[in-house]
Amino acid sequence: MTKVHRTIKEVKELIGTLSDSDPILKELKQDDRKGVQKLLIQRDRERMKQEKEKEEFDILTRYESELRQQGFTHIAGIDEVGRGPLAGPVVTAAVILPSDFYLAGLNDSKKLSEAKRDEYYEYIQKHAISIGIGMVHAEEIDSINIYQATKKAMNEAIVELPVQPDYLLIDAMKIQSPYPSQSIIKGDAKSISIAAASIIAKVTRDRMMKEYALKYPGYAFEKNAGYGTKDHLIGLEQLGVTPLHRKSFAPVKEILHTGH
């Protein structure tokens with residue numbers, strides 16, 4: 001058999017397309033050029049990374065897989081963002097994913113970079129069966145408390161789903177609902193549907209807070225999303241309380257009482 005002489009550039013373009021049983025791969029392993037050996041090492045690393053991501057993803061889908069085996073088809077993951085900030089709404093998302101959904105690296109939205117979250121947000125928007133958003137604003141949070149506001153927003157997100165669910169997987173909370181449900185502690189790191197809802201809720205809220213930053217400059221909402229950072233607290237001291245602020249939350253409450 002004639003040995004084919006490929007340039008390093010040709011090998012680089014070819015190597016990612018080869019299966020483990022491909023005879024060309026066997027031939028490349030006997031090629032003593034450093035550049036080829038380096039490309040083989042990179043290929044092995046990439047394969048291992050992909051296998052690890054697939055294993056992690058399979059772990060993330062175990063709740064959904066078990067429920068599908070029980071006959072449920074439209075499993076909605078539900079998560080919230082914005083329980084802790086001093087300003088802005090609490091936002092929830094309900095997301096129903098198809099059974100063949102795959103997105104490597106999807107887990108807790110707080111651990112991802114903003115660019116990665118935006119990328120995943122677009123992918124989920126494109127591939128989800130159904131997405132619903134719920135939100136409760138500052139005035140109502142002050143009126144009914146943040147815990148009740150979060151539950152209300154979650155129920156709103158379920159109602160807003162264009163395709164209704166037949167089962168709910170909820171991050172940490174228990175809500176009254178006509179659907180069977182399960183509450184999962186740290187659900188955004190354990191369920192793919194909740195992880196997807198976490199991304200949708202966080203990106204939705206972060207984008208809203210950036211819009212609010214234009215209307216209410218001086219609080220750094222575009223950077224802190226309403227959380228009580230140093231910039232935000234300085235803004236509160238100097239500019240006072242806006243309609244976005246939760247008046248029942250310290251230190252907003254203190255500023256109102258002291259009149260600063």
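A few notes on this one:
- Total charge dipole magnitude, the chain, about the Cα centre, Cβ charges on Lys, Arg, Asp, Glu only, Debye to nearest 20: 700 debye
- Projected label points at residue 116 and residue 30, each 7 Å from Cα along the beta carbon direction, are separated by 4.2 nanometres.
- Shown in residue order for the stretch 170-177 are the 3J(HN,Hα) couplings computed by the Karplus curve 6.51 cos²θ - 1.76 cosθ + 1.60 at θ = phi - 60°: 10, 6, 6, 9, 10, 10, 7, 7 Hz (x for Gly and Pro).
- Set 49/186; 151/174; 116/152 screened for pairs whose C-alpha atoms are more than 18 Å apart: 49/186; 116/152
- Taking a sphere under 11 Å around the Cβ of residue 211 and counting the other residues whose Cβ falls inside, with K and R at +1 and D and E at -1, yields a net charge of +2.
- A dipole drawn for the chain from +1 and -1 charges on Cβ atoms has a positive end, and of 252, 135, 57 the residue lying farthest that way is 57.
- Karplus-based coupling profile of the stretch 18-35, in residue order and whole Hz: 7, 7, 5, 8, 5, x, 4, 5, 4, 5, 5, 5, 8, 7, 8, 5, 4, x, with θ = phi - 60° in 6.51 cos²θ - 1.76 cosθ + 1.60 and x standing for Gly or Pro.
- Beta bridge orientation in the chain: antiparallel %, DSSP, nearest 5: 65 percent
- Residues whose placed amide H lies under 5 Å from that of residue 227, excluding near-sequence neighbours: 86
- All C-alpha to C-alpha distances of the stretch 72-209, sorted into 5 Å bins beginning at zero, yield P(r) values of 2, 12, 23, 25, 20, 12, 4, 1, 0 percent in whole numbers.
- Near residue 152: Cβ cut-off under 14 Å, other residues only, Lys/Arg at +1 and Asp/Glu at -1. The net charge is -3.
- Alpha-carbon centroid distance for the pair the stretch 85-152 / the stretch 154-210, whole angstrom: 7 Å
- Remark: spin-label model distance residue 5-residue 123 equals 4.2 nm, labels positioned 7 Å along the Cα→Cβ axis.
- Full-extension gain in nm, residue 19 to residue 148, via 0.36 nm per residue minus C-alpha separation: 41.1 nm
Every number here is computed from the coordinates shown, using simple stated rules; none is lab data. For clarity, every value in this text was computed on a predicted model and none was experimentally measured. Cβ atoms come from the backbone with ideal geometry, glycine included; neighbour counts cover every protein chain shown.
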